[in-house]
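Everything on this sheet refers to the single structure shown next.
The values are calculated or read from the model by the stated rules, or taken from the named source; none is laboratory data. Remember, predicted model here, so these are calculated numbers, not experimental data. Glycine also receives a Cβ, built like all others from the backbone with ideal geometry; neighbour counts cover every protein chain displayed.
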Amino acid sequence: MGEEISTSHLRWLLTRASRMSVPELVFRIREFFVKNRLSRSPFGPFITFRIPTITWSTVKSQAEQLSNKDYNDLLLDFRVYGVSWPRGEGGLILWNCFLDGSDTSEIPTFDISYRRKELLNQDIRFSWELNRLTWLLKIAVFGKLSDREQAARWFRDFLHHDRVGFGLRWNSMNELALQAISIQLLISLLDGMLVNEDIELSNQALTHRYFWIRKLPSKYSSANNHRLTELVALISISELSGDSRSSERWQRKLTKELLRQTLPDGFHAELSADYHLFVLDLLITLNVLCPNLRYSKQINYYKNQMALATYELRILNQIWPAFGDSDEATILATLVPRPNRAKFLENLSGCMVGSRDESNFGKLRTFKDRGCTVFYDNSRDSRISLLVDHGPIGFGKTAAHGHADTLGVWLVFNEFPVLIEAGTFSYHSSEETRDLLRSGWMHNTVTVDGESLSKPSGPFLWIPRRSARGKLLSFDVHEENVHISVEADFPRSSQHKKGTVKRNVMFDGHEVRILDSTSVGETLESHFILSPLLKISRGGSSHQVLFTSVCGIRVTFKTKQPNYLNVEQVEISPTYGSLTRAYRLSVMGYRSNEVSIHLDRLT
């Protein structure tokens, strides 16, 4: 079951290698030999750990306020991303299987092929989520006694199947780090239900993970949220073992990495909304596990900056937005439903974000470093929020979790998302679907001559010379009138020369108007992805289309000659691994488009 290298995969590997600096190439070669050594000698020196003492009352009380109080169905049908996991004899979980049932427990971990799969049930992401164990936290926190005992049995079964260097769980240090964090949390939550053998197996599990994470750190182009996860795991494991010297070393590295990965306005540099929450979740979890670190002040500074940014964007946008990749990675935030996770983490951060006066926010706010401007109107009996993206695609040279959403807009009306993100679907299956969902065709932005302003090269690589660069030109608020002007330079393609797209977004108290223009090309297409809850109310025409939802929202799109409207159903991915149908509305024109969006409530 060795790694298969297709022509497209080889092309991607060569492209990525061409983007590497000499030090990174040296690091990647060294990494190859380290993996070979680990395969031959995978065991680290045994370390004894203490049981973590965690005060769960604050976490539990905050989660209870934002969760459905009925937890009786937690154990009825365990599902990962909505998919039922295959079970073995006696209902035990098949920890080392893909969704298609392929067993990897006897295969050395670095020999397992999982990239570039065409079938969703061969996407390793599902198995990784299962092995992260965060789903067990929910049962251990909220479950009845019998549920918690079942959680302890599943935890014990995980430890018994923990064969170092084999199976699906050892081929990513990010996954090993998340497992290590979950193991520490579960030991605390299930204290009193675990026998001595469980504690000994837990010590072994943490020992070997500490050893592997130290040997194979994420660096250079892969040093994103993965590296933060690894450092949080290394700090907490060192603290549990009483090795304060090592802990301080990892803390210094974490503060240095947070400086690199946190923008001045508090957003995580990968620019993915869900990965921002994941990093905030990581820092809060570290504070829960190790509240008295030597570098707590420095680490908490970044945690609080991220929490404040989360709070401000959530309030202004009415809901926590979705942009960029999302695989719903969580730790403590798994305790609450997805729509409530931002607020849950804000409350847990301890920086009193909820006490800030929302009236001081004003109608319009620009997050310069994140690269977005948010307009918020609450002057009437309805609330409108409009977010305009004018930032980079993502973080660093690869911009791994970014999408081609430069100049994109997201629109919320009375907490109902009208213009939405198309989603992610899958990292490692259906390359065609992944590329489509990341494209300009599937975002609320423009394409020129049928091509996105930015083009990917492989599942996690955007090349800077082929990517658009956005910027904010101006913004103005005068009474009820708002005007936001943004621009993007985009590269040359097979269809057109390099050029510039300008987008003007206006609101006059009644409707949103969007004017787009391009300096090159033959055709300009302005696309809008609508909530799947919106349905066409009546036939419409080439210049006007009306949508309504069951919750009483009415959205009218209008344009005029020479532009015309085109409406079609497309597949979007509201959650990882799932697809659903929604409408995409496109305004078609020659080098310029104009569309108005009128929002009101049905009486």
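Residues that are farther than 19 Å from VAL512 by Cα, without any contact (Cβ under 8 Å) to a residue 24 or more places away in the chain and hydrophobic (A, V, I, L, M, F, W, C) within segment 541-576 comprise just one, VAL550. When segment 464-499 is limited to residues that are in a strand (DSSP E or B) and without any contact (Cβ under 8 Å) to a residue 12 or more places away in the chain, the one that is surrounded by the fewest Cβ atoms within 10 Å (Cβ to Cβ) turns out to be HIS478.
Regarding segment 500-520, can at least one residue be identified that is within 27 Å of the chain's Cα centre (by Cα), in a loop (DSSP other than H, G, I, E, B), within 28 Å of SER326 (Cα to Cα) and of a type outside the set (Asp, Glu)? No, segment 500-520 has no match at all. Filter segment 195-224 down to the residues that are in contact with a helix residue (DSSP H, G or I) (Cβ under 6 Å, 6 or more places away or on another chain) and more than 20 Å from LEU178 (Cβ to Cβ) and list them by number. Listed by number, the list holds a single entry, TYR220. Taken as a whole, the condition of being crowded, with 20+ Cβ neighbours inside 10 Å, in contact (Cβ under 8 Å) with a residue 24 or more places away in the chain and under 19 Å from SER349 (Cα atoms) does not apply to LEU271. For segment 227-240, the count of residues that are surrounded by fewer than 20 Cβ atoms within 10 Å (Cβ to Cβ) and either β-branched (Val, Ile, Thr) or assigned by TED's automatic domain parsing to the domain that holds ARG132 (or both) is zero.
A single member of ASN174, ASN224 is surrounded by 21 or more Cβ atoms within 10 Å (Cβ to Cβ), at pLDDT below 95 and of a type outside the set (D, E, K, R), and it is ASN224. Counting only helices (runs of 4 or more DSSP H) that sit wholly inside segment 1-111, those with at least 3 residues that are modelled with pLDDT of 90 or more are 22-40, 57-65. Can you name every residue in segment 241-267 that is crowded, with 23+ Cβ neighbours inside 10 Å and either of a type in the set (Lys, Arg) or in contact (Cβ under 8 Å) with a residue 60 or more places away in the chain (or both)? Within segment 241-267, just PHE267 meets the criteria. If the condition is being closer than 16 Å to VAL59 by Cα and either surrounded by 20 or more Cβ atoms within 10 Å (Cβ to Cβ) or within 17 Å of the chain's Cα centre (by Cα) (or both), then segment 279-302 contributes LEU280, ASP281, LEU282, LEU283, ILE284, THR285, LEU286, VAL288, LEU289, CYS290.
Annotation: of all residues in segment 392-412 being within 15 Å of ARG469 (Cβ to Cβ) and hydrophobic (A, V, I, L, M, F, W, C), the one that is surrounded by the fewest Cβ atoms within 10 Å (Cβ to Cβ) is ALA399. Of the residues making up segment 446-455, none is under 21 Å from the mean Cα position of the chain (by Cα) and either within 25 Å of LEU316 (Cβ to Cβ) or surrounded by fewer than 19 Cβ atoms within 10 Å (Cβ to Cβ) (or both).
Specify the residue that is surrounded by the most Cβ atoms within 10 Å (Cβ to Cβ); the eligible residues are those in segment 577-603 that are in contact with a Gly (Cβ under 8 Å, 6 or more places away or on another chain) and either over 18 Å from VAL446 (Cα atoms) or free of Cβ contacts under 8 Å to residues at least 24 places away in the same chain (or both). Spell out the reasoning first.
If we filter segment 577-603 for residues that are in contact with a Gly (Cβ under 8 Å, 6 or more places away or on another chain), which is where we start, we get 577-578, 591, 601-602.
Of the ones still in play, those that are also either over 18 Å from VAL446 (Cα atoms) or free of Cβ contacts under 8 Å to residues at least 24 places away in the same chain (or both) are 577-578, 601-602.
Details: GLY577: 23, SER578: 16, ARG601: 13, LEU602: 11.
For segment 577-603, the residue satisfying everything is GLY577.
Out of segment 298-347, which residues are acidic (Asp, Glu), closer than 27 Å to LEU136 by Cβ and without any contact (Cβ under 8 Å) to a residue 60 or more places away in the chain? Listed by number, the list holds a single entry, GLU346.
Mind listing just one residue for me: the one in segment 369-396 that is in a loop (DSSP other than H, G, I, E, B) and among the hydroxyl-bearing types (Ser, Thr, Tyr) and, of those, farthest from the chain's Cα centre (by Cα)?
Step one: list which residues in segment 369-396 are in a loop (DSSP other than H, G, I, E, B), which gives 369-371, 378-383, 390-396.
Adding the requirement that they be among the hydroxyl-bearing types (Ser, Thr, Tyr) leaves 379, 382.
Values: SER379: 33, SER382: 30 Å.
Of everything passing the filter in segment 369-396, SER379 is farthest from the chain's Cα centre (by Cα).
Picking from residues in segment 519-531 that are under 16 Å from SER586 (Cα atoms) and not charged (D, E, K, R), the one that is surrounded by the fewest Cβ atoms within 10 Å (Cβ to Cβ) is THR523.
Taking ARG538, is it without any contact (Cβ under 8 Å) to a residue 12 or more places away in the chain, farther than 19 Å from GLY450 by Cβ and out of contact with any helix residue (DSSP H, G or I) (no Cβ under 8 Å at 6 or more places or on another chain)?
Details: without any contact (Cβ under 8 Å) to a residue 12 or more places away in the chain: yes; farther than 19 Å from GLY450 by Cβ: yes; out of contact with any helix residue (DSSP H, G or I) (no Cβ under 8 Å at 6 or more places or on another chain): yes.
So ARG538 passes the test.
Does LEU186 satisfy the condition of being within 26 Å of ASP327 (Cβ to Cβ), crowded, with 18+ Cβ neighbours inside 10 Å and either touching a residue at least 40 places away in the same chain (Cβ under 8 Å) or not assigned by TED's automatic domain parsing to the domain that holds MET173 (or both)? Considered against the rule, which asks whether it is within 26 Å of ASP327 (Cβ to Cβ), crowded, with 18+ Cβ neighbours inside 10 Å and either touching a residue at least 40 places away in the same chain (Cβ under 8 Å) or not assigned by TED's automatic domain parsing to the domain that holds MET173 (or both), LEU186 comes out as yes.
Looking only at segment 360-372, decide whether some residue is crowded, with 24+ Cβ neighbours inside 10 Å and modelled with pLDDT of 90 or more. Yes, segment 360-372 contains a residue that is crowded, with 24+ Cβ neighbours inside 10 Å and modelled with pLDDT of 90 or more. For segment 158-191, residues that are over 21 Å from the mean Cα position of the chain (by Cα) and part of a helix (DSSP H, G or I) total 12.
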